[in-house]
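The block underneath contains the structure these notes are about, expressed in structure tokens.
The values are calculated or read from the model by the stated rules, or taken from the named source; none is laboratory data. From a predicted model like this one, the values you see are computed outputs, not experimental measurements. A quick note on method: Cβ atoms are made from the backbone with ideal geometry, for glycine too, and the neighbour counts reach across all protein chains shown. The accessibility values were calculated without ligands, DNA or RNA, using every heavy atom of the protein model including side chains. Shrake-Rupley method; radii C 1.70, N 1.55, O 1.52, S 1.80 Å.
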Amino acid sequence: MTIEKAHRKDYLEIAALDRIVWLDYPNGENIADGEHTWRHWIEDAIVRIWRQDGRIAGVALAFPTIARGFCLHKVFVEQSARGQGAGRQLLQRLLDDPQLKSAPCYLTVNPANHTALALYREFGFEAGEVVQGYYRQNEPRLEMWRKAKT
């Protein structure tokens, strides 16, 4: 297992994994981002990948925003690789980036996803407001924030 910075050549593989990992979640078919988006994120955001046996098995992404520092947009690991600490390691490597250390960071998460909530709390994210209907009427999201480290 290795964690590394994503490169332009990785965007198709990342987008393919993104399309399948969310299908177990409510409205998961709406969560994936397309190849075009991943291509730009790899060049303009902070993307870390977890390789297992030479293939991408997990991804973490944060992008800069105009008003709120960085948005931790996605951390995902393929189904067969879950429970091995990959999500935690990906998040650690992502948040160790100097740009993310020196800026506030926020995310949104399904408030029923207790595994993700516990992980984000371990990394210093604090719960904010639950926004009802964040994406669709039946999709609440909990906003979480982490202050910049000085």
* State to the nearest 20 debye the size of the charge dipole of the chain about its Cα centre, where the only charges are +1 on K and R beta carbons and -1 on D and E beta carbons. => 380
* Asked: So for 7, 36, what's the accessible-area order with a 1.4 Å probe, most first?
  -> 36, 7
* Structure fact -> Counting only protein heavy atoms and leaving out ligands, DNA and RNA, the solvent-accessible surface of residue 96 at a 1.4 Å probe, in Å² to the nearest 10, equals 70
* Accessible area in the full protein assembly, largest first, 1.4 Å probe, for 106, 135 -> 135, 106
* Solvent-accessible area per residue for the chain at a 1.4 Å probe radius, Å²? -> 55
* Read-out volume of the Cα convex hull per residue in Å³, derived from the coordinates shown; its label in (1) 145; (2) 156; (3) 112 -> (3)
* Pairs of Lys in the chain closer than 17 Å at Cα, counting only those 8 or more apart or on different chains -> 4
* Structure fact -> Here the alpha-carbon Rg of segment 48-92 over 2.2 N^0.38 Å rounds to 1.28
* To do: Could I have the simple spin-label model distance between residue 40 and residue 129, label points 7 Å from Cα toward Cβ, reported in nm to one decimal?
  => 2.6
* Rank by packing, highest mean first: peptides 54-60, 28-34, with packing defined as the count of other Cβ atoms within 10 Å averaged across residues. => 54-60, 28-34
